Amino acid sequence: MVYSNRISLRRLCRLSFLVSRHNRHYSNLSYNPREQEWRSVVGLEIHAQIQSESKLFSGASTKYAGSTNTQVSIFDAAIPGTLPVLNRHIVEAGIRTAAALGCKLSQMSKFDRKHYFYADLPAGYQITQQRHPLARNGKVKYLVYNTDNWNKYSWKTASIIQLQLEQDSGKSLHDADQNRSLIDLNRAGVGLMEIVTAPDFTDGEEASSFVRELVLMLRRLETCSGRMEEGALRVDANISVHRPGEPLGVRTEVKNLNSVKSVGRAIDYEIKRQIGELESGREIVNETRSFDAQSGQTIAMRDKEKLQDYRFMPEPNLLPVFLYDSKSVPMGVDPANVIITDHLLQGLPSSPSKSYERIHDDHKISIRNCVILVNEDGLLKIFDEIVERRDAKALINFLIADFLGVAHARDINLLQCPVPFRHIAEVFDMKTNRYISNDNVTQVLELMFDFPNKTPGEIVKEKELENIQDLEVLQAECEKTLLKHPNVVQRWKVGQQKEKKGRQDPMLKLVNTTMTALNNRANPLVLISIFEKLLSKK
Amino acid sequence: MTYKPYHELRRSLNEGTITCREVVEHYLNVIQQTAHLNIYLSVFTKRAIEKADLLDMKRHKGAPLGKLFGMCISIKDNIAIKEERLTCGSKMLENYTSLFNATVVERLEREDALILGKVNMDEFAMGSSNETSAFGATKNFINEDYVPGGSSGGSAVAVSSGTCMVALGTDTGGSVRQPASFCNVIGLKPTYGRVSRYGLVAFASSFDQIGVLSHSASDAALVSEVISGYDERDSTSSQSVVPSYSIHLDDLNVEIRCLIEAKLEALQSRGATLVPISLPHISYSLATYYILTTAEASSNLARYDGVRYGYRDKEASDLMSMYVQSRNKGFGKEVKRRIMLGTYVLSSGYYDAYFKKAQQVRRLIRDDFMKVFEKVDVVVSPTSPSFPFKFGEKASNPIDMYLADTFTVGVNLAGIPAVSIPAGLGTNGLPVGIQFMGKAYDEQTILNMCHFFETHFIA
């Protein structure tokens, strides 16, 4: 009900008169008009391009951003006489994804043709799986959170109605200057999985959290790059509002949302818009809308045929897809003609929400850090491999604050981490054991990436970065500092009679100066104790 | 050169008493002499002569020769040949050139066949008389006042008039067999899935099948052997289809009936056992056929939108008018009629009543045939319920025209193979064809039957 709060706050001024009257009437009940005024219902249709070298029914490349019309087979261009041949790899990726989303796999799925005329749809129909999808009835648990307020998070579950395979369309490029449209068929026929959810979301925050989680899941599965900015994953949202106790309202569909943020903003805007329309006595029209990220508004799309009749028909050029496990496959069936699922379902990665839960429960780590750890490709694996016998909280802080900064600056993909995990662990241990100072950690990490064949221990020795343990050397350096900065010593003395802060500032100055002189090769706590000893003698 | 079966010609070719070049020149000559019949939409004079010379050279060198070495074949113009026109008998594709070879073309050429040209047909294979062709109908060689049948009318006349040894046609609801019957030649429609459809421009994908028209059973057998077989580019190829099969004998011309019955008795006297059969659902076959094929056709022809290839109306001002005008002007009447019918039966609210029901009936018809084939090897029927008809006689009444497919569509609904072979002439001097239907993937039996029939009753 997070969402209802938000709407009603905005509406509060406008409706204050009405509300106060109602409040009077129901004053002895715990009636809260803000929460009970409206309910919003949101369902999603997600189109995810399946990672594959070639298209769903042809051998053409699926590479992103190729020159226009260079990745088009004769089938993709609907040249007469061509026929589709199903790409097995894509079906397998669909199966893995469906299983990871908790869906029930269909033993037999079939392809249908969905008809409509558009210039970037060469055959006049899209091959999809309307009636017999690859899988149905999934459940996904996901974490709803808001990066602006990490304390407010919750667990939700969304139902998946079905997962189906289908072709992507081409692209229309509208050249307004010359008043013409140009068609790029590179994308035409790329394999998509359409994931349809039940209307289980109440607002943009829930829906966008779900999408974020789904993207992460697909990336873990390596079945979709999840790159929304490249159009590899697009979201359509069906949105309606109604008053509690009344039937669901008329829905609108906001199409082609291409970032997690847009999903949230578009849905919240559309809910507000619909409520505004209804409260002004207007009706909601069942229509398709687009989202303008600049203005943050949804806009009705021109829909020439109000009620599209897609005239679904079985695709006669493709055989049904049969799934078996190695035990259930009937005698005499050629394994080349069916898909055996056993090996596909082995070693599925765990879901992001399971990871959040596990880390949160095992190590009592803040949700924020759990999210960072899980969302950064490869980071969780590093953590899991080296956390044993180490302080988990300190390790996560090290990974997020020290390690990730260096890795990001070097654009390193942690899924293919170029250094052994034990090297990372070694740096952490050196930091924890104060073998090196915090100030030298970044430098050691950088050198670690520079010299992946050397252990951090060897590097530190070679570059002389380890803390100086010889107290005499340290004391000599501290004495030098005191001699050079008599005014700071003076301030320290004055500060002794004051509060804590007055004492700290000069000490910090002395330590920092000495650290710099020692190339950060000291434990500052040791320096403080030396200084305290030296100063107390004065 | 009077007609001889290919194996006889092959002997002379092997011996060197005749060359491929001479064979090709002979046929090209006949093609010229029969130009008034309007058989060919493209003739590959240069290409065929060059290929013939190459083949002769090949023989000269003693290289191994293909199964169809020197066989002159014509191809229906809805089958793709690389860099040749592919009109489908339609203005829509009048100037369209194919980018690739159909699988059947590749297979013919691999066996050293000589392709002479592309032949006329009903527009997008929709018609039973050749009258829907945008390029004018082909005339029946037997009597030019009569239609050659359709949609593979060009292929049938190409064979009957002696312009080639064998022609490829396509059969969606009888389009090989009915013209074969009307032109007094053999027409074989193999089991659905037997021959790859890759490179065949789709009319109704789950019905379409490439077939062979020829003078002799042995030629039909040889060519089918070459073009059949699994093709990874057609997912439905070589998929075993549940055998089934159909026939129904109402509305049958009395004289044709007598002629066929006489042949049946003759077969019996030669040792065949006649078993009367019943196919309970066959009377629904024509309705079922026209619902399902028009639906598939409306979908398959959606791609002809003037965007990428084919006819585009120059006066169109925006996308919608380009679609409407290009399709309105590019397609002929019969094709448009079927697109409209198909669009209607697929539209929401009607799908269950028409398309879905027809699919269920198709399954019943298939099962009927399956049951029958538990008892018999071959099912016999006339190929066409009537004699060849005159130009214009049925063109104005589509239902009358559709009835010409009565005996042939059941085979396509069931997916089984069937062959039409000349059974004699009526008192009017017009030919009658007899149809042998076989079990799925059992082309062998019906070809054997055909050969037996030809040997004993025709020669």
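Worth a mention:
- Net charge contributed by nearby residues that have their C-beta within less than 13 Å of A:Leu233 (K/R +1, D/E -1): -3
- Loop-resident GluC sites (Glu not before Pro) (DSSP state other than H, G, I, E or B) in segment A:223-328 with no more than 12 further Cβ atoms inside 10 Å of their Cβ: A:Glu283, A:Glu305.
- Listed residue pairs exceeding 20 Å between alpha carbons, taken from B:Lys76/B:Lys390; B:Lys91/B:Lys336; A:Lys431/A:Lys461: B:Lys76/B:Lys390
- A simple charge model with +1 on the Cβ of Lys and Arg, -1 on the Cβ of Asp and Glu and nothing else charged puts the dipole of chain B at about 600 debye relative to its Cα centre.
- For A:Ala176 and B:Thr455, a Förster radius of 56 Å and the Cβ-Cβ distance give a FRET efficiency of 0.15, rounded to the nearest 0.05.
- Based on Cα contacts under 8 Å between residues 6+ apart, chain A shows a relative contact order of 12 percent.
- Charge context of A:Lys454, other residues only, Cβ under 12 angstrom, K/R +1, D/E -1: -2
- The antiparallel fraction among DSSP beta bridges confined to chain B stands at about 80%.
- Selected from B:Ala63, B:Ala80, B:Tyr96, residue furthest toward positive end of dipole (segment B:1-103; charges at beta carbon): B:Ala63
- Rounded Å value of the spacing that divides the Cα centres of segment B:251-290 and segment B:40-79: 39
- DSSP-defined beta bridges in the protein assembly as shown - what % are antiparallel, rounded to 5: 85
- For chain B, the mean projected area of the C-alpha convex hull, equal to one quarter of the hull surface, is 21.3 nm².
- Estimated [θ] at 222 nm from DSSP helical runs (n ≥ 4, -39500 (n - 2.57)) normalised by residues in the protein assembly as shown, nearest 500: -12000 deg cm²/dmol
- From phi via Karplus (6.51, -1.76, 1.60), per-residue ³J(HN,Hα) for segment B:79-85 in Hz, x at Gly/Pro: 10, 6, 10, 4, 6, 10, 5
- Aspartates and glutamates with Cα under 17 Å of A:Lys63, excluding same-chain neighbours fewer than 8 positions away: A:Glu53, A:Asp76, A:Asp168, A:Asp184, A:Glu222, A:Glu229, A:Glu230
- Shielding of A:82-88 by partner chains, average beta-carbon count, 10 Å: 5
- Cα point-scatterer Debye curve for segment A:376-463, base-10 log of I(q)/I(0) at q = 0.15, 0.23 Å⁻¹: -0.48, -1.24
- Among the listed pairs A:Lys152/A:Lys381; A:Lys463/A:Lys509; A:Lys114/A:Lys255, a Cα-Cα separation exceeding 23 Å is found for A:Lys152/A:Lys381; A:Lys463/A:Lys509.
- Positive-end residue of A:Trp38, A:Ile239, A:Met108, charge dipole of chain A with Cβ unit charges: A:Trp38
- Segment A:47-182 shape via C-alpha gyration tensor axes, a/c threshold 1.5: oblate
- Net charge, B:Ile416 excluded, C-beta distance under 11 Å - Lys, Arg +1, Asp, Glu -1: +2
- Here is the tail figure for chain A: Cα pairs spaced more than 40 Å apart come to 44 percent of all pairs.
- When segment A:471-536 is reduced to its Cα atoms, the Kirkwood hydrodynamic radius in Å: 11.7
- Trypsin sites (Lys or Arg not before Pro) restricted to DSSP loop in segment A:67-145 with at most 15 other C-beta within 10 Å: A:Arg131
- Taking amide H as placed 1.01 Å from N in the peptide plane, the amide H of A:Asp112 sits under 5 Å from that of A:Thr128, A:Gln129, A:Gln130, A:Glu315, each at least 5 places away or on another chain.
- Test item: Cα-centred dipole of chain A, Lys/Arg +1 and Asp/Glu -1 on Cβ, debye: 1940
- Average beta carbon contacts from partner chains per residue of B:305-313, 10 Å cutoff: 4
- Dipole-positive endmost among A:Met507, A:Ser529, A:Leu518 within segment A:471-536 (Cβ charges, Cα centre): A:Met507
- Whichever lysines have a C-alpha closer than 20 Å to that of B:Lys61, once near sequence neighbours (fewer than 8 apart) are set aside: B:Lys51
- Taken about its Cα centre, the protein assembly as shown carries a charge dipole of roughly 3220 debye when the Cβ of each Lys and Arg holds +1 and the Cβ of each Asp and Glu holds -1.
- Candidate lysines for bridging to A:Lys139, where Cα separation is under 21 Å - those fewer than 8 sequence places away on the same chain excluded: A:Lys104, A:Lys156, A:Lys354
- By DSSP, the beta bridges lying fully in chain A are antiparallel in about 90 percent of cases.
- The shape of segment A:221-312 comes out prolate: with a ≥ b ≥ c from the C-alpha gyration tensor, a/c is at least 1.5 and a/b beats b/c.
- Note that the protein assembly as shown shows a convex hull volume over its alpha carbon atoms of 258 Å³ per residue.
- Relative contact order, percent, chain B [alpha-carbon distance under 8 Å, six or more residues apart]: 18
Readers should treat all values here as calculations from the given coordinates under stated rules, not as data from a laboratory. Owing to the predicted nature of the structure, the values given are computational and were not obtained by experimental measurement. For neighbour counting, all protein chains shown are included, and Cβ atoms are generated from backbone atoms with ideal geometry for every residue, glycine included.
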